[in-house]
Amino acid sequence: MADTVSDVGRFPCAQCGAQLQYQPGTTHMKCPYCGFEQAIAPPAGKVQELPYQAYLDRATLDVTLETDASVRCDTCGAQYSVPANQETKDCPFCGSRVIVPVNLDHRIPANGVLPFVLREQDGRGKLGEWLGTRFWAPNDLKAMALKDGRLRGMYIPYWTFNCDTQTQYSGMRGEAYYVEVEYTDTDANGNAVTRTRTERRINWYPAAGTVEVPFEDVLVLASASLPQEQARRLHEWDLVDLVPYDPKWLMGFQTMRYDVDLNNGFTDAQQVMSATIDGAIRVDIGGDEQQILSKNTQYFDVTFKHILLPIYVGGFQYRGKAYRIVVNGRSGEVQGEAPISVWKVLIAVLLGLVILGVILYLYGQRRS
């Protein structure tokens, strides 16, 4: 059953009453009908780090207990539902957009936004450039994808974490040395001959110690609403340009709420940090090779931000199969999948066989 919500956010045009929309790359909203513009107030201060421990009681709240929100449209009078995992929604009858406030009994509200810079047509241009670099893709893919594919602008929730770490470890340090080894080979006439070669060997020695590694803005995807593999590979985020949350930045775009809570988000962040900590341990061990046998990491002064990042989500059909694409709404970075042309692969294999045949022929000619 949907809970009725009355204090939804709306930003009607002062001239005609239509809903204003944020214009990517600017600091204002604009009416899509009469062209009226309204400036978005400059952000007051920077996005604040929040203390992780202080939010643990809210981090364990079960977001599955949330219900859809029932909203009455002020423009046309229609009543409709907004899914619990969405913060913004268009009226299905007149298209007016509303922003449903977060229920603080169930969620931690976003405190930072990275506004869109690229418009949808810019995103499609970046997608076209990316498709043009897919060497193994079919020749007609780009034209078909740009003709039939769609991009939807969405704000996706992420967690970022700052902390200091201290890790005690035990391991092994490998010191390389080289020896000459004799082996039996066959000469050009088929006769057995003895040759020597240099082989690399390792002497292992025990190692133990402590490394301290600070982390800043470890980024963790907090939504299951888009392709996970592609979204996790997006990394060109200019987080220094984050602005404090203001619903005006969201107007004109769908906004998703997190599915991964704060606790699980920090668990994911620890996995990201682990690779960096392992690198620091290997440097501390030294030598030519290293083995990490055990490690125990402690985390201090953990803080976080709950932020919304701009992503264009899209996809296209090619020969009956669906392919999904995500585009960074700031940098235009594209991550996705594309079909492979069987003919291009077959031609490459045949060409490789021809080249190999020529090499073998020339080698045979030289020996004869």
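The values are calculated or read from the model by the stated rules, or taken from the named source; none is laboratory data. All values reported here derive from a predicted model rather than from experimental measurement. Using ideal geometry, Cβ is built from the backbone for each residue, glycine included, and neighbour counts are taken over all protein chains shown.
Data for the structure
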read-out	value
Enumeration of residues in region 210-232 that are surrounded by 13 or more Cβ atoms within 10 Å (Cβ to Cβ), of a type in the set (Ser, Thr, Tyr) and more than 18 Å from Val334 (Cα to Cα)	Ser223
Unmet criterion (only one of (1) loosely packed, with under 12 Cβ neighbours inside 10 Å; (2) under 39 Å from the mean Cα position of the chain (by Cα)) for Arg195	(2)
Among (1) surrounded by 15 or more Cβ atoms within 10 Å (Cβ to Cβ); (2) modelled with pLDDT of 95 or more; (3) not in a loop (DSSP other than H, G, I, E, B), the one test that Phe116 misses	(3)
Residue, modelled with the lowest pLDDT, within region 1-34, restricted to residues that are of a type in the set (Val, Ile, Thr) and either outside any loop (DSSP other than H, G, I, E, B) or within 21 Å of Glu120 (Cα to Cα) (or both)	Thr4
Residue that is modelled with the lowest pLDDT, among those in region 259-291 that are under 16 Å from Lys305 (Cα atoms) and surrounded by fewer than 15 Cβ atoms within 10 Å (Cβ to Cβ)	Asn263
Cβ-Cβ under 9 Å pairs, at least 6 apart or on other chains, region 218-235 side touching a residue at least 24 places away in the same chain (Cβ under 8 Å) and farther than 14 Å from Tyr312 by Cα, far side part of a loop (DSSP other than H, G, I, E, B) and among the hydrophobic types (A, V, I, L, M, F, W, C)	Leu219/Trp237; Val220/Val260; Leu221/Leu234; Leu221/Val260; Ala222/Val260; Ser223/Val260; Ala224/Val260
Members of region 86-113 found to be at pLDDT 75 or above and within 22 Å of Asn264 (Cβ to Cβ), listed by number	Arg107, Ile108, Pro109, Ala110, Asn111, Gly112
Lys295 vs. criteria touching a Leu at 6+ places or on another chain (Cβ under 8 Å), among the charged types (D, E, K, R), over 30 Å from Ala18 (Cα atoms) and assigned by TED's automatic domain parsing to the domain that holds Tyr52	no
Only listed residue being in a strand (DSSP E or B) and at pLDDT 75 or above, chosen from Val354, Val327	Val327
In region 34-50, the residues that are surrounded by 12 or more Cβ atoms within 10 Å (Cβ to Cβ) and more than 20 Å from Leu239 (Cβ to Cβ)	Cys34, Phe36, Glu37, Gln38
Some residue of region 183-204 being within 30 Å of Phe266 (Cα to Cα) and touching a residue at least 24 places away in the same chain (Cβ under 8 Å)	no
